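The values are calculated or read from the model by the stated rules, or taken from the named source; none is laboratory data. In this text, all values refer to a predicted model and were calculated from it rather than measured experimentally. Cβ placement follows ideal geometry from the backbone for every residue including glycine, while neighbour counts extend to all protein chains displayed.
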Amino acid sequence: MVFLISCKNAVQTENNTMVDKQATTQTKALYENLKKMNGVMFGHQDDTAYGIGWKYEPGRSDIQSVTGAYPAVYGWEIGGIERMLDYSLDSVHFHKIKELIIEAYARGGVNTISWHADNLVTGGNSWDTTKVNVVATLLPDSSNHNLYKKRLDMVADFLGSLQTADGEMIPVIFRPFHEHTGNWFWWCKPYCSTEEYVALWQFTVKYLRDEKQLHNIIYSYSPDRVPNEEEYMERYPGDDYVDLFGLDLYHFGGADGTQYYIDCVNTSLSVTEKVAKEKGKPYAFTETGLECVTVDNWFTGILQPLVEKYNPAYVLVWRNAYEKPNHYYAPYPGHPAAEDLKRFKESESILFNDEIANIYK
Ligand code: BMA
């Protein structure tokens, strides 16, 4: 059954809890609609760029090949743009990413962008945690501040270039410095103080919004799993700097890891929902998945009951890597979990691209 969710009275200027009071009409509309989604939008990282056994085939998507519909949310990764590289760290040309974002917007879908920024001190990647306190060096009046601004200029150029042929800015949900409650990125908790993390976040938002005058951005805060609200909020940059409360949390260990995943999602997503509701802001399950989808009913048996319980605006599963065998999070045609993804698509609570309408109105 197809449900067209029509979003009424989307833009409310009073009671606007957005970071950017000058956000474009479409960005404000998206933000308001994220708060009152009637269902959970399904998302997939790099969905139309590549999949299992293919890359850059116009219109192709593993999700669409299995279910007949595109995901409602499209995740993209811009790591590498800050160094003026032509390709993202996942080997997608930035021109291609831009083209596919424009295409997804034309289809009425939602775009979200992650940024695995390289380590400016060591020259390594996001996962290079060999030097502590990289974050401190990026702050105003610190040694790498000017270089950090140059790198942000590249990010800003890209975000600002996301326009339709008529010059309409395409809204994006931007998720910088995600999973900071973990220990694997140079901006994570063990490698900088709370004050430094918050200062980096606030500077970044102000730079993109005020200095670069970008008004098409919804800023998402996306911690990884946490035991309680206190830890979820420990490095919260503040109501004036965060639009959307996110959560990144993966299912590890196949069937044996199911209960642990469910328990962790219950703890962390309930906190995410609670905080978002108190703040009057939207919330989403910004990254999840089970690598290789080794549990055949993972989508309807494990994920669906969880998202139905907490009602995030969307849930996004990670990419179906083209270049890394056995690194995929959505079934493709012929995969044992493909039938289950079809059932997931058919359920009333889960929304694909063909089931959302007017999300920018
Ligand atoms: C990780 C993996 C990496 C990828 C990174 C950024 O989870 O998928 O292969 O480079 O995300 O997209």
>> Of the residues VAL121, VAL73, only one is crowded, with 23+ Cβ neighbours inside 10 Å and among the aliphatic types (A, V, I, L, M); which?
In response: VAL73
> Cβ-Cβ below 6 Å, separation at least six or inter-chain, first residue in segment 92-113 and more than 21 Å from TYR322 (Cα to Cα), second assigned to a strand (DSSP E or B): which pairs?
Replying inline: GLY109/TYR74; VAL110/VAL73
>> Being crowded, with 19+ Cβ neighbours inside 10 Å, closer than 18 Å to ASP354 by Cα and within 16 Å of the ligand (Cβ to nearest atom): is that true of ASP90 here?
In response: no
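Yes/no matrix, rows are residues, columns are (1) of a type in the set (Val, Ile, Thr); (2) surrounded by fewer than 22 Cβ atoms within 10 Å (Cβ to Cβ); (3) closer than 22 Å to ASP90 by Cα:
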residue: ILE302; (1), (2), (3): yes, yes, no
residue: GLU308; (1), (2), (3): no, yes, no
residue: VAL317; (1), (2), (3): yes, no, yes
residue: ALA321; (1), (2), (3): no, yes, yes
residue: PRO325; (1), (2), (3): no, yes, yes
residue: ALA330; (1), (2), (3): no, no, yes
>> Looking at the structure I just gave you, is ASP239 at pLDDT 95 or above, crowded, with 21+ Cβ neighbours inside 10 Å and within 21 Å of PRO171 (Cβ to Cβ)?
In response: no
>> Take the conditions more than 26 Å from TYR232 (Cβ to Cβ), surrounded by 18 or more Cβ atoms within 10 Å (Cβ to Cβ) and small (Gly, Ala, Ser) and apply them to ALA156. Does it pass?
In response: yes
> Here are some conditions: (1) within 18 Å of GLY68 (Cα to Cα); (2) in contact with a Leu (Cβ under 9 Å, 6 or more places away or on another chain). LYS345 meets all but one. Which one does it not meet?
Replying inline: (2)
> Do you know which of the residues in segment 129-153 that are in contact with an Asp or Glu (Cβ under 8 Å, 6 or more places away or on another chain) and more than 18 Å from LYS212 (Cα to Cα) is surrounded by the most Cβ atoms within 10 Å (Cβ to Cβ)?
Replying inline: VAL135
> For the subset of segment 174-208 comprising residues that are in a loop (DSSP other than H, G, I, E, B) and small (Gly, Ala, Ser), which member is surrounded by the most Cβ atoms within 10 Å (Cβ to Cβ)?
Replying inline: GLY182
> Here are some conditions: (1) buried (at least 21 other Cβ atoms within 10 Å of the Cβ); (2) within 17 Å of VAL134 (Cβ to Cβ). PRO171 meets all but one. Which one does it not meet?
Replying inline: (2)
> Taking interchain pairs and intrachain pairs at least six residues apart, which have beta carbon atoms under 9 angstrom, with the first residue in segment 235-260 and over 19 Å from GLU287 (Cα atoms) and the second of a type in the set (Lys, Arg) and not in a helix (DSSP H, G or I)?
Replying inline: ASP239/LYS281
> All but one of (1) of a type outside the set (Asp, Glu); (2) touching an Asp or Glu at 6+ places or on another chain (Cβ under 6 Å); (3) over 30 Å from GLU355 (Cβ atoms) hold for MET84; which doesn't?
Replying inline: (2)
> Can you pull out the residues in segment 63-84 that are within 16 Å of the ligand (Cβ to nearest atom), under 19 Å from the mean Cα position of the chain (by Cα) and not small (Gly, Ala, Ser)?
Replying inline: VAL73, TYR74, TRP76, GLU77, ILE78, ILE81, GLU82
> Which members of segment 263-290 meet the condition of being of a type outside the set (Lys, Arg) and surrounded by fewer than 15 Cβ atoms within 10 Å (Cβ to Cβ)?
Replying inline: ASP263, ASN266, SER270, GLU278, GLY280
> Tell me, which residue of segment 26-70 that is out of contact with any Ser or Thr (no Cβ under 8 Å at 6 or more places or on another chain) and of a type in the set (Asp, Glu) is surrounded by the fewest Cβ atoms within 10 Å (Cβ to Cβ)?
Replying inline: GLU57
> In segment 215-234, which residue that is free of Cβ contacts under 8 Å to residues at least 60 places away in the same chain and not in a helix (DSSP H, G or I) is nearest to LEU30 (Cα to Cα)?
Replying inline: TYR221
> Which of the following residues is out of contact with any Leu (no Cβ under 6 Å at 6 or more places or on another chain) and under 30 Å from TYR360 (Cα atoms): PRO237, PRO227, PRO190, PRO171?
Replying inline: PRO237
>> I'd like the full set of residues that are under 16 Å from CYS192 (Cα atoms), within 12 Å of the ligand (Cβ to nearest atom) and either hydroxyl-bearing (Ser, Thr, Tyr) or modelled with pLDDT under 95 (or both), limited to segment 106-132.
In response: SER126
